Amino acid sequence: MTHSKERELLDLVLRQGDRSREADDARLEVIAEEFRTGFEALRDLGPCVTVFGSARFEEDHRYYRLARRAAASFGEAGFAVMTGGGPGVMEAANRGARDVGALSLGCTIALPNEQTSNPYIDREIRFRHFFARKVMLVRYSQAFVLMPGGFGTLDEVFETATLMQTGIMLDFPLVLMGTGFWNPITHFVTESLLAETTIDEADRRYFYATDEPEAAVDHVTSRLGSPGAG
């Protein structure tokens with residue numbers, strides 16, 4: 001049996017919920033290999049910004065254009081740019097990094113309905129599990145830019161904030177771009193979560209919103225310093 005066929009059968013077992021020791025052991029091997037691959041590929045990465053956002057925006061969409069401009073601005077400031085490596089906002093951000101000669105990285109995912117990698121990636125790391133991919137998108141970056149997106153993007157927004165709130169990761173800058181899209185979310189955080197004391201006043205600091213790439217870069221560098229400084 002070929003290695004790829006073994007992987008296909010393993011994925012089928014996982015989707016069917018097989019709880020046997022053999023299935024769990026096989027899954028552990030695959031997961032460990034994914035983490036090992038990611039660690040080895042990204043361990044020596046310098047200052048980096050991860051950009052999250054929807055895969056559905058086309059090249060002429062305002063959020064695609066904004067993501068491309070923002071990534072170019074971060075690239076010019078000395079940051080590598082990392083994304084999930086797919087289309088939409090991810091393509092726009094990788095493209096913006098490529099525009100200015102910055103390192104462009106993609107942590108791509110193998111899906112049942114295959115998502116192709118965008119053509120603007122200098123270094124691609126391929127994953128089969130979302131959780132392993134998310135670890136890599138967060139572990140090796142010092143700032144996060146959240147563009148408009150769907151369930152996956154919202155998950156990434158709040159998981160990143162939760163990891164910082166609970167001290168699992170350092171308190172890195174998190175920038176929301178596309179303020180019209182994010183206003184209901186920031187309002188919910190302020191008027192519902194804060195009002196009901198399910199978060200603290202200090203937790204509002206995790207969300208900085210702007211539509212200006214230069215302001216996003218200034219916010220990040222004011223917190224971190226410029227790449228290479230010192």
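The values are calculated or read from the model by the stated rules, or taken from the named source; none is laboratory data. Note that the coordinates shown come from a computational prediction; the quantities given were computed from them, not determined experimentally. No Cβ is skipped: glycine too gets one built from the backbone with ideal geometry, and neighbour counts run over all protein chains shown.
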Subject >> Leading residue by the ranking (farthest from residue 47 (Cα to Cα)) among those in the stretch 97-116 that are in a strand (DSSP E or B) and in contact (Cβ under 8 Å) with a residue 60 or more places away in the chain >> reply: 107
**OP:** Using the structure shown, decide if residue 127 is under 28 Å from residue 171 (Cα atoms), surrounded by fewer than 20 Cβ atoms within 10 Å (Cβ to Cβ) and of a type outside the set (A, V, I, L, M).
**Re:** no
**OP:** Kindly establish whether residue 174 is under 17 Å from residue 82 (Cβ atoms) and modelled with pLDDT under 90.
**Re:** no
Subject >> Of all residues in the stretch 46-100 being buried (at least 21 other Cβ atoms within 10 Å of the Cβ) and among the β-branched types (Val, Ile, Thr), the one that is farthest from residue 172 (Cα to Cα) >> reply: 89
Subject >> Count of the stretch 199-223 residues which are assigned to a loop (DSSP other than H, G, I, E, B) and not aromatic (Phe, Trp, Tyr) >> reply: 4
Original post:
Restricting attention to the stretch 41-80, and to residues there that are part of a helix (DSSP H, G or I) and basic (Lys, Arg), which single residue is nearest to the chain's Cα centre (by Cα)?
Top reply: 68
Original post:
Has the stretch 189-198 got at least one residue that is without any contact (Cβ under 8 Å) to a residue 12 or more places away in the chain, assigned to a helix (DSSP H, G or I), of a type in the set (A, V, I, L, M) and in the same structural domain as residue 111 (by TED's automatic domain parsing)?
Top reply: yes
**OP:** Answer yes if at least one residue in the stretch 100-123 is among the hydrophobic types (A, V, I, L, M, F, W, C), more than 11 Å from the chain's Cα centre (by Cα) and within 18 Å of residue 214 (Cα to Cα), and no otherwise.
**Re:** yes
**OP:** Scan the stretch 117-141 residue by residue and report those that are of a type in the set (A, V, I, L, M, F, W, C) and outside any helix (DSSP H, G or I).
**Re:** 121, 125, 127
Subject >> Residue that is in a strand (DSSP E or B), surrounded by 14 or more Cβ atoms within 10 Å (Cβ to Cβ) and among the aromatic types (Phe, Trp, Tyr), where the choices are 172, 181, 144 >> reply: 144
Subject >> Subset of the stretch 155-169 [assigned to a helix (DSSP H, G or I) and either among the polar types (S, T, N, Q) or without any contact (Cβ under 8 Å) to a residue 24 or more places away in the chain (or both)] >> reply: 155, 158, 160, 162, 165
Original post:
Taking the stated definitions as given, is residue 178 touching a Gly at 6+ places or on another chain (Cβ under 9 Å), on the phi > 0 side of the Ramachandran plot and of a type outside the set (Asp, Glu)?
Top reply: yes
**OP:** Can you run down the residue pairs with Cβ atoms below 8 Å, 6 or more apart or on separate chains, where the first is in the stretch 82-96 and at positive phi and in the same structural domain as residue 147 (by TED's automatic domain parsing) and the partner is among the hydroxyl-bearing types (Ser, Thr, Tyr) and assigned to a helix (DSSP H, G or I)?
**Re:** 88/64
